[in-house]
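Here's the structure, in C-alpha cells; my notes come after.
The values are calculated or read from the model by the stated rules, or taken from the named source; none is laboratory data. All of these numbers come straight from a predicted model, not from anything done at the bench. Here the Cβ positions follow ideal geometry from the backbone for every residue, glycine too, while neighbour counts run over all protein chains shown.
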Amino acid sequence: MLILGPIGFAAPWLLLGLVALPLLWILLRAVPPAPIRRRFPGVALLLGLTDAEQVTDRTPWWLLLLRMLAVAAAILGFAGPVLNPAAPTGGTGPLLIVADASWASARDWSRAEARIEAALDAAASDGRPVALVNLSMPEAGVPVFQSAGDAAPQVASLSPRAWEPSAEAMSALAAALPEGAFDTLWLSDGLDREGREALLDALQDRGSVTVQQSPRVIRALAPATYADGALLVPVLRVATATEAQADVAAMGLDPLGIPRELAREVVTLPAGEARAEAVFDLPPELRNRITRFEIVGESTAGAVSLAGDSLRRREIALIDGGGAAREGLELLAPTHYLQQALEPSADLIGGTLADILLADPDAIIMADVARVTETESDALLDWISEGGLLIRFAGPRLAASEEGRNIMDPLLPVRLRAGGRSVGGAMSWGEPKALQPFPEASPFHGLELPGDVTVRAQVMAEPDPQLTENTIAALEDGTPLVTARQSGQGQVILFHVTANAEWSSLPLSGLFVQMMERLALATRPAAPEAAELEGTTWVAERTLDAFGGLQEAGDLAGIPGARMAEPVPAVDLPPGIYASGDRRLAVNALAADRELMAASWPSGIAVEGGAARAELPLQGPLLALALALLLVDLIASLALAGRLSRMRRGASTAVVALALLLIAPQGLRAQETADTLALRASSEVVLGHVMTGDAQIDRVAAAGLKGLGEVLYRRTSVEPGAPMAVNLEADDLAVFSFLYWPVTADQPAPSPETYLKLNRFLRTGGMILFDTRDADVAGFGAASPAGRKLQALAAPLDIPPLEPIPEDHVLTRTFYLLQDFPGRYQGRGIWVEASAAGAEQAEGMPFRNLNDGVTPVVIGGNDWAAAWAVDDRGLPMFPVGRGFAGERQREIAYRFGVNLVMHVLTGNYKSDQVHVPALLERLGQ
Amino acid sequence: MIPAAPLHASAGLRRRAEEMSHILPPLLAAARQLAATVQLGAHGRRRAGLGDEFWQYRAAHQGDEARAIDWRRSARADAHFVREREWQAAQSVHLWVDDARSMEFTGDDSRPVKADRARLLALALAVLLIRSGERVGLADPATPPRAGEVQLMRLAARLTAPAGEADYGAPEGRAMQPHARAVFISDFMGDPVAVETALTEAADRGVTGALLQVLDPVEEAFPYQGRTIFESMGGMLAHETRKAGDLRDRYLERLAERKDRLATLASRTGWQYSCHHTGDPAPGALLWLFHAMERLA
C-alpha cells in the first residue's frame, strides 16, 4: 500500500492513469458534439441559408474540465484510496482489553466499541489471544485468554453500565491478573477513581498499556434537592479552564400523561469550576410532575437525575369554617396553627370546596366546618373514595350542629353525641385531660408524648362497637381524641378538638407537627435517615441504563433499607426508582457528594485521544463523485447540443415526481388515500377484507370477494364494486357494511382505538365474517392456533351472545334456501348472534318469530374466500372437493356468500314472512 | 369438406374488409362529428331558378307562359304575378388533399399529423356539402364528383389510402370539371411553382375554390437550437446547420413570404386562402372552408 499523508492507496499503480489525462484533454477537445438529425418539412425553406456565425465545434473548456475531473475521480477511486490507513500495530503476545464501562463511557461508546473491534481484528490477524474484562461487571476469577475470534461475540459484555467500577473490583483484578506478560488496552471513561492507579501499576508490570479515552468533557447531574421553594440540581463536570454552559431540562408528565419537557434552565459553569447549580423555581403543580432532570443532548445515566417522591410536595387544602376572619385575630383563626405546621413542607391551597376538588389535592383539612352542601358532599365522597384524605377538626360549630348525631355521616368517622364536653374549665369539674400513649395500630404509634398537652374540651363520639377500632388517639379517660375510618381507598380522620389552641394545647406542641407528618401530610426530608430505613425492603421499579433510559426493572432482588441509606450505585444497587409501600426513592448514578476528577495517566502510557481513527475507504465516494460528474456532463452536453429542450418536459416531470416522492408529507398521502378510499367505498357497495399482514391470505381474500362480487352481480340486484383491502388502523370503517376477516395465528391485535372503531362498526349494522380457515377442526375451542387468535382478537369486541346457527335462522333464506354453509372445507356449522330466548314458532309457520337486526358477527372456519376466489380470467383459483360434488360445494359456498351479503344489506325482512297470514287477513282476503 | 383455398381467399377478403371498415368509420365519424358543429340553414343560391323553395313573386311580363302565372296571388291584385322558385342547382366540388410525406409531420405527439387534420377537414367539408345536396369528388379522375351518402364512403376510402412517396405534393387540375369548385388542402411547403401552375390552369377553366394551408405550430415557431441536420420527411432534402437558433428569423421570414405568395396568387385568381394550425381546433377551419364555398357561389 502506498501511503501519502493521511491517505493510502490499495492499488497505487492505477494512479499512473492520471498521466494520461492531458492526452485525454487533447482528444476530447478535438471531438465536437455530434449533430442531431431532425425530420422537418420546413427544410425546403431552409435550403440555401448559411450559418451567420460558426459555433465553435470544439468542446467548451468547462465541459472538458468536468470530464477530466470525472475521469480523475474514477482513476483515484479505482486506485483504492483509504483515509487514515491502519498503521501496522505492534506488539505480540496476549492482549488484555479492560473497559471501565461506566455511565461516563456511554456517550462515546460507539467509538470505544469500534476501537475494541479494531483491536480484535488486529489481534485476529496477528494471532494474539485476547481477554476481555468489564470493570463495572467484575467476574470472579482470573481473566482467560482466548482467540480473538472467540472473544468477538463477547464484546457486548463490555457495554457500559449505569454505575461506576468499584475500588474493590479494580483491586480484585489487580490481584488476579493472568500469568505471564501481556499488553493491555484500557478503555477508560476519563474519570479518576480510587484503585485506578494501583490497577494501572499492576498492568504496567505485565506489559505495555494503551489507554483510549474520549477527549470530551464529562458532565453529570447530582441528585436534586429542595430548598427555599426551589429545586436545586447540581451540575458536575471535570474541572477545565474554559467556561461552559449546560442546558438542564426538567422532564415530567403533562396533564395528559405524555412525557415532555416541563422546564429548562441554562447553567453556566465558570472556568475552573467543577460544580454549578441549576435552580428550578416552579409552581408546585409543575414541580410535582417532574420525574427526572437531564442535561440536554447528553445521553448518559450520569446526565440524568431521577426525582423520587422526596421532591414532591403535598398539596393540602385548608378550609376554614369560620367564614370571614376577623381582622387582628389571626392567632384565633382555626387554621393558623395548621398553616404554621404545614407551610414549610407542603403546598397549601385555599378556596371553596368546589374549586379545591378540581385541583385534586392530596388532602383536605376542614377546620370546624359543620355543614357541607349535598353536591359538595357527593363530590367530596367521590374524591375520598378515590384515595383522598379528609381531615376534620372539631370546634364550636361542629359541636353545635346536628351533623352525625343519629345517623352515620359519611364525612365523619364516628357518630357524635350532642354538645360535646368541656373539662377543667371555670364552670366544669375535673382537670384538663392528658393523652394516652398511642395504641400500636395507630399511625401515631411511637411518637413521644409531651407532658404539657392537655385537652379542655372535645366533641364526644357515640359509643359504638367500632369506636375502639376507629380510635387512633385517645385521652387518659379513654375518650377518643382522633378517630379515623377507611372510606373506599381514602380515609376520613376527625380530630375531636379544635385546630387552634381554644380547646386544647395540642396545636401548640411539637407533637401536632409530628402527627401531621405521620398522617403523611408533611413532606419527608430529602434523604431518609438511616434509622428510618432500618428494616425496610426496597424493590426496584424501574432502572436506569447507562444511556439514561429508564427500563422496566424486572425481577431484581429486594434491597435492604440499610443499603439504601448510602445510595452509591453498584452492581447490587443499579440506579433507578425504588419503591417500598407507597414511598418512592430515587437512586441516581452519582451520589450526592460525588465529584468528578479527570483521570491522569503517567507519561509513559500511550493515550489515544478520542476515536480510533477508523480506516475510511474513499473508493465509494470517489466513484460516486465520478458518476455524478459524468451525469452533469451528460446534461451539459445535451444542453450544448440543443437536445435538452425536447426532453425538458419529461425530465422536469420526472424531477418533480422524484422531489414529491421525497418530500411529500406522509400524512398528506394518507389523507388523500383515506379520502379516495372513503369516496370509493361509499359510492357503491364495496365488500372489504381485513388486511392480516400475510400477503398470500390477503390476496386470496381479495380474490374471494371479487368472485363473490361477480356472482352477486350476475344473480342479484346487488352490484358491488371491486373489493377493498381494509387497514383497520388507518381506514374509516363507517363506509363499509361487510368485512371479511381471515384470522391468522400471527396477525397483530388491533389497537384500542381500532377496537372502538370496530365496535362502532358492529353497533351501526356492520357485519364481520370471521374465518379461521381451519375447517373448524377444533370445534370452537382454543385448540387451533387460529381459534386461539380469534378468541384473543374478538375479546375486546362488543359481541352479543352467540349460538350455532339455528335451522330457521334468516341466513338460511335471505336469497337461497340453504342448510349448510361450506367454503373450501365442508366444516361444521357457523356461529351467529343468539336468537331471543322468547322466540316462538307461530302456528303453521316453518320458522320462529325472530327479532329484527343483523347478526354483527358470523364466525366459522370453512375458508370461504378460497372457495369464492377467482383469478383475473374469472376462473376458480383453488380446487374445491372432487368433481361435480366439489363444484356443487363451490356453488353452495357462493350461495352462502350471496345470502350473507343479502342479510347485511336487507336485514331480516325475510323473517317478516311470518306476518304474511296476518297481513292477508287484514286485507280481507 | 370445404376446400382450403376459397377458405383462405374469403378469410383474406373478410380481413381486408374488416380492416377497411375499421379505418373508415373513425374518420367518417370524426368528420360527421366535426360537420355537426356547423349549423346548416336553407342552402339556396339566393337567386331565382329551378328548385322547390319559393323565391319571389314578380309581375308577369311578355313571354311568360300562361301556366307560369300564379293565379291565387294574381287574384288578390289587378296585375298578374309569376311565382318564382329559388335556383337550387347542385355544385361540383373537387377536393385535393396533399398526401405527400411532408404532411406526415407533427411537432408534438399530442397533436395529430398534418395529414390527419387535412383529411378530417376535407371529409367533414364533404359531409356538409353532400348533406346540402352538392356533388363532391376528388381532384383525380378516379373519383369524380357525385352526390349521395355512398360518395362519402368512397371519399373516405380514397382519403385513407396510403400516403404517396413524394416529399412534397402538388395539386393537379386536369380532372376538374369546368366551373366547378375546388378545395386544396396542403402545407404548401413544396415548390410553389407547381401550385401556381395548377391554380392558374384551374382558374382558366373557370374553377374557383379555396386554398387551406395546414401547418404544425412547430413549423411556425422553429424552436430548434444547436447543431442540427434538418431532413425532409422523405429524407430527400437535407440541410445542416451549426446553430439552428440563428436560422429562426430567416426561416420565419421565408415562411411569411411563402404565405404571402399563396395569398396573392389566390386573390389574383379569385380563390380564397387561409392558414390553419394543427394546434388549433378543427371546427374553425371547417367553418372557414364552408363559408369560402358559399362566398364563391
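Things worth noting here:
- Scanning region B:168-201 for residues that are in a loop (DSSP other than H, G, I, E, B), among the hydrophobic types (A, V, I, L, M, F, W, C), over 14 Å from the mean Cα position of the chain (by Cα) and more than 14 Å from chain A (Cβ to nearest Cβ) gives a single hit, B:A175.
- Here is the figure for region B:248-265: residues that are more than 8 Å from chain A (Cβ to nearest Cβ) and more than 28 Å from the chain's Cα centre (by Cα) total 2.
- Here A:A274, A:A301 are screened, and the one residue that is closer than 22 Å to A:E164 by Cβ, aliphatic (A, V, I, L, M) and more than 19 Å from the chain's Cα centre (by Cα) is A:A274.
- Test set (1) over 33 Å from the mean Cα position of the chain (by Cα); (2) in a loop (DSSP other than H, G, I, E, B); (3) farther than 15 Å from A:Y894 by Cα - A:F821 fails condition number: (3)
- Residues of region B:202-247 classified as surrounded by 20 or more Cβ atoms within 10 Å (Cβ to Cβ), touching a Gly at 6+ places or on another chain (Cβ under 6 Å) and more than 7 Å from chain A (Cβ to nearest Cβ), total: 4
- All positions within region A:224-245 that are surrounded by 12 or more Cβ atoms within 10 Å (Cβ to Cβ) and in contact with a Gly (Cβ under 9 Å, 6 or more places away or on another chain): A:L236, A:V238, A:A239, A:T240
- Enumeration of residues in region A:241-257 that are under 20 Å from A:T268 (Cα atoms) and out of contact with any strand residue (DSSP E or B) (no Cβ under 8 Å at 6 or more places or on another chain): A:A241, A:T242
- Listed by first and then second residue, the pairs linking a residue in region A:390-403 that is at pLDDT 80 or above to a residue that is of a type in the set (K, R) and buried (at least 18 other Cβ atoms within 10 Å of the Cβ), with Cβ atoms under 8 Å apart and 6 or more places separating them unless they lie on different chains, are A:L398/A:R392.
- Residue-level analysis places B:R248 among those that are at pLDDT 85 or above and touching a Phe, Trp or Tyr at 6+ places or on another chain (Cβ under 9 Å).
- Within region A:615-626, the set of residues being of a type outside the set (D, E, K, R) and under 44 Å from the mean Cα position of the chain (by Cα) comprises A:L616, A:P617, A:L618, A:Q619, A:G620, A:P621, A:L622, A:L623, A:A624, A:L625.
- Residue within region A:243-260 that is over 30 Å from A:E179 (Cβ atoms), part of a loop (DSSP other than H, G, I, E, B) and at pLDDT 80 or above present: yes
- Assessment of region B:182-196 against the conditions (farther than 23 Å from B:L28 by Cβ, in contact with a helix residue (DSSP H, G or I) (Cβ under 9 Å, 6 or more places away or on another chain) and aliphatic (A, V, I, L, M)) yields at least one matching residue.
- Elements of the type strands (runs of 3 or more DSSP E) sitting completely within region A:574-654 and holding at least 3 residues that are away from chain B (no Cβ under 14 Å) and either modelled with pLDDT of 80 or more or out of contact with any strand residue (DSSP E or B) (no Cβ under 7 Å at 6 or more places or on another chain) (or both): these cover A:576-580, A:583-587.
- Note on region A:866-925: residues that are surrounded by fewer than 17 Cβ atoms within 10 Å (Cβ to Cβ), aliphatic (A, V, I, L, M) and either outside the structural domain of A:S717 (by TED's automatic domain parsing) or farther than 17 Å from A:E710 by Cα (or both) total 6.
- Count of residues meeting criterion [in contact with a Lys or Arg (Cβ under 8 Å, 6 or more places away or on another chain) and in a strand (DSSP E or B)] in region A:214-242: 8
- On the stretch given as region A:538-565, residues that are in a loop (DSSP other than H, G, I, E, B) and under 21 Å from A:A104 (Cβ atoms) total 5.
- Near pairs, Cβ below 6 angstrom, 6+ apart or cross-chain, from region B:165-183 (more than 20 Å from B:R101 (Cα to Cα)) to any residue that is modelled with pLDDT under 80 and part of a loop (DSSP other than H, G, I, E, B): B:R181/B:Q91
- When B:A161 is tested against (1) over 30 Å from A:P60 (Cα atoms); (2) within 14 Å of chain A (Cβ to nearest Cβ), only condition (2) is not met.
- Of all residues in region B:240-297, those satisfying the criterion of being of a type in the set (S, T, Y) and not in a helix (DSSP H, G or I) are B:T241, B:Y273, B:S274, B:T278.
- Just so you know, in region A:323-358 the residues that are more than 15 Å from A:P284 (Cβ to Cβ) and buried (at least 19 other Cβ atoms within 10 Å of the Cβ) include one that is modelled with the lowest pLDDT, and it is A:P334.
- Condition met for B:A263 (small (G, A, S) and at pLDDT 90 or above): yes
Yes/no matrix, rows are residues, columns are (1) farther than 30 Å from A:A473 by Cβ; (2) at pLDDT below 80:
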residue: A:L494; (1), (2): no, no
residue: A:A499; (1), (2): no, no
residue: A:L511; (1), (2): no, no
residue: A:R518; (1), (2): no, yes
residue: A:A522; (1), (2): no, yes
residue: A:R542; (1), (2): yes, no
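- Residue match in region A:747-760 (condition: assigned to a strand (DSSP E or B) and either modelled with pLDDT under 85 or surrounded by 13 or more Cβ atoms within 10 Å (Cβ to Cβ) (or both)): no
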